[in-house]
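The values are calculated or read from the model by the stated rules, or taken from the named source; none is laboratory data. Note that the structure is a prediction, hence the values are computed from the model and not measured. Here the Cβ positions follow ideal geometry from the backbone for every residue, glycine too, while neighbour counts run over all protein chains shown.
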Amino acid sequence: MIQTAHNIVMPVVDKDTFDVHKVRADFPILRRQVQGRPLVYLDNAATSQKPQMVMDAITRYYTEENSNIHRGVHYLSDRATQAYEAVRTKVQRFLNAGSSNEIVFVRGTTEGINLVAHSYGKAFIRSGDEIIISGMEHHSNIVPWQMLCEQLGCFLRVVPINDDGEMILEEYERLISARTKIVAVTHVSNALGTINPVKQVVTMAHASGAVVLVDGAQAVPHMQVDVRDLDCDFYCFSGHKVFGPTGVGVLYGKSKWLEAIPPYQGGGDMIKSVTFEKTIYGDLPHKFEAGTPNIAGTVGLGAAIDYLGTLNMQAVAQHEHELLDYATAALLSVKGMRIIGTAKEKASVISFVLDNIHPHDIGTILDDEGIAIRTGHHCAQPVMQRFGVPATARASFALYNTMKEVDALVAAINKVREVLA
């Protein structure tokens, strides 16, 4: 073990290798039992579990540094401010952003998308303009744009997806035009696991003068993201999906856009001066961070990024890819199994249905076996409609999952068939 400058104990890991059992030891919850059985946690697309060092960072903040930030001259406020702003720099490096001023802290991906819809929409979108999304979006990347269209009289265009769950790029090319002001697309589908060709999407949008927002909630935990290489204009993700706390997330925006758009909310800490006649907003990124933020959550997010920094993310990606291949083959051996989402480029998500068995019943019986999966529409009802199902069961893997857990999942699904088929 080593200690950081803030006395957070970090595991020492050989970054050239990946030992899933050593990684699992860093996550206390994975040692517990559910329904009298060892927990098999396969609901990572909904939220990830947390390593001990994340919880230690939050506890340390509350026990040693708890204070409000930016406003105080006393010791605790100065320490809390340093800890908070240090995370901004960590996120900048994590995403390879050009400046820490391009990193805005928000409550999560949902708030990041809403911020862009409100602020960019208010500044640059007019009646008759068009917004493009894909047919595999999470509700968080649909509803804010629908609301904006209703308010401004602009139009929402949807890129259809094929039977494998992939964007049909020829249709995207047909839809994009000089009327397109913004393209908002998920990097990785939470319901299908599809990895979208984001760099190509961005290039095509920019050629028509449109900007691009990328929903990275499902991508950041599984792959290295370089926003400058993608050349996207906005990118957002949630802390709780990337082994950090709930209630905190990140919006990356190119400086030129963050400078050009108005604040999303008004209040304290986002201003330079206020009179009854006029308010002058603060510099980037603070003009988008009104009020007291989730300081402890942000500190926890920084610890999660530190944790990922101890790992070889290419080895993590390889491990998850092997899990996905193994699980896909094993699940397809189950009679009556149908996997929803079979894209060539796919992250570690498997959505499936069993003939004549409701996904909720699958989830309930699996829970009796100590196995946590997600069942329902996954906040992606248009995806369910596209594939003609009311819901799916979804197993989603993370860096701490094992082949043995996949075996437990398959055995439990076979038990579902025995009980209900």
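Residues that are in contact with a strand residue (DSSP E or B) (Cβ under 7 Å, 6 or more places away or on another chain) and buried (at least 21 other Cβ atoms within 10 Å of the Cβ) within region 112-124 comprise Gly112, Ile113, Leu115, Val116, Tyr120, listed in sequence order. Residue count for region 167-192 under the criterion of being surrounded by 24 or more Cβ atoms within 10 Å (Cβ to Cβ) and either out of contact with any helix residue (DSSP H, G or I) (no Cβ under 8 Å at 6 or more places or on another chain) or among the polar types (S, T, N, Q) (or both): the result is 4.
For Asn162, are the conditions met, namely being surrounded by fewer than 24 Cβ atoms within 10 Å (Cβ to Cβ) and of a type in the set (S, T, N, Q)?
yes
Restricting to region 292-322, and then to whatever is within 26 Å of Lys346 (Cβ to Cβ) and small (Gly, Ala, Ser), can you tell me which residue is surrounded by the fewest Cβ atoms within 10 Å (Cβ to Cβ)? First the steps, then the outcome.
Initial filter on region 292-322 (within 26 Å of Lys346 (Cβ to Cβ)): 304-305, 307-309, 311-322.
Then keep just the ones that are small (Gly, Ala, Ser); that gives 304, 309, 315, 317.
Working: Ala304: 27, Gly309: 14, Ala315: 16, Ala317: 17.
Going through the qualifying residues, I end up with Gly309.
Let's see how each residue does on (1) of a type outside the set (Phe, Trp, Tyr); (2) in contact with a Cys (Cβ under 6 Å, 6 or more places away or on another chain):
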| position | (1), (2) |
| --- | --- |
| Leu39 | yes, no |
| Tyr61 | no, no |
| Gly72 | yes, no |
| Ala83 | yes, no |
| Asn101 | yes, no |
| Val106 | yes, no |
| Gly112 | yes, yes |
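Would you please name the residue that is nearest to Gly193 (Cα to Cα), looking only at residues in region 320-366 that are of a type in the set (Lys, Arg) and under 23 Å from the mean Cα position of the chain (by Cα)? So, considering only residues that are of a type in the set (Lys, Arg) and under 23 Å from the mean Cα position of the chain (by Cα), the one nearest to Gly193 (Cα to Cα) is Lys346.
Asn356 falls short on exactly one of the conditions (1) surrounded by fewer than 17 Cβ atoms within 10 Å (Cβ to Cβ); (2) under 23 Å from Val143 (Cα atoms); (3) touching a residue at least 60 places away in the same chain (Cβ under 8 Å); (4) not charged (D, E, K, R), and that condition is (2). Candidates in region 274-295 are the residues that are under 14 Å from Glu85 (Cα atoms) and in a loop (DSSP other than H, G, I, E, B); of these, the one that is nearest to the chain's Cα centre (by Cα) is Asn294.
Pairs linking a residue in region 35-47 that is at positive phi to a residue that is modelled with pLDDT of 95 or more, with Cβ atoms under 8 Å and 6 or more positions apart or on different chains, are Gln35/Asp367; Gln35/Asp368; Gln35/Glu369; Gln35/Gly370; Gly36/Gly370.
Please pick out the residue among Gly302, Gly336, Gly309 that is in contact with a Leu (Cβ under 6 Å, 6 or more places away or on another chain) and either within 30 Å of Ala395 (Cβ to Cβ) or assigned by TED's automatic domain parsing to the domain that holds Ala398 (or both). Walk me through how you get there before you give the answer.
Working: Gly302 fails: in contact with a Leu (Cβ under 6 Å, 6 or more places away or on another chain); Gly309 fails: in contact with a Leu (Cβ under 6 Å, 6 or more places away or on another chain).
The match here is Gly336.
Close Cβ contacts (under 8 Å, 6 or more residues apart or on different chains) running from residues in region 51-65 that are touching a residue at least 60 places away in the same chain (Cβ under 8 Å) and surrounded by 15 or more Cβ atoms within 10 Å (Cβ to Cβ) to residues that are hydroxyl-bearing (Ser, Thr, Tyr) and assigned to a helix (DSSP H, G or I) comprise Pro51/Tyr307; Met53/Tyr307; Val54/Tyr307.
May I ask you to list the residues in region 174-188 that are outside any loop (DSSP other than H, G, I, E, B) and within 26 Å of the chain's Cα centre (by Cα)?
Keep residues of region 174-188 that are outside any loop (DSSP other than H, G, I, E, B), which gives 174-175, 180-186, 188.
Correct list: Thr180, Lys181, Ile182, Val183, Ala184, Val185, Thr186, Val188.
Here region 197-224 is the region considered, the condition is being assigned to a loop (DSSP other than H, G, I, E, B) and buried (at least 24 other Cβ atoms within 10 Å of the Cβ), and the residue that is farthest from the chain's Cα centre (by Cα) is His222.
Taken over region 150-166, residues that are touching a helix residue (DSSP H, G or I) at 6+ places or on another chain (Cβ under 9 Å), under 19 Å from His118 (Cα atoms) and outside any strand (DSSP E or B) amount to 3.
Mind listing whichever residues of region 382-404 are surrounded by fewer than 23 Cβ atoms within 10 Å (Cβ to Cβ), touching a helix residue (DSSP H, G or I) at 6+ places or on another chain (Cβ under 9 Å) and either of a type in the set (Val, Ile, Thr) or under 18 Å from Leu331 (Cα atoms) (or both)? Listed by number, the residues that qualify are Val389, Ala391, Thr402, Met403.
Look at (1) at negative phi; (2) under 12 Å from the mean Cα position of the chain (by Cα) and you find that Phe243 fails only one, number (1). Pairs are defined by a Cβ separation below 8 Å, a sequence spacing of at least 6 or placement on different chains, a first member in region 320-345 that is in contact (Cβ under 8 Å) with a residue 24 or more places away in the chain, and a second member that is surrounded by 13 or more Cβ atoms within 10 Å (Cβ to Cβ) and among the basic types (Lys, Arg); the pairs so defined are Leu324/Lys346; Val334/Arg417; Lys335/Arg417; Gly336/Arg417.
The combined condition, being closer than 19 Å to Leu95 by Cβ and surrounded by fewer than 20 Cβ atoms within 10 Å (Cβ to Cβ), is not fulfilled by Asp233.
Here Ser238 clears all of (1) surrounded by fewer than 24 Cβ atoms within 10 Å (Cβ to Cβ); (2) under 30 Å from Asn312 (Cβ atoms); (3) within 19 Å of the chain's Cα centre (by Cα) except the condition numbered (1).
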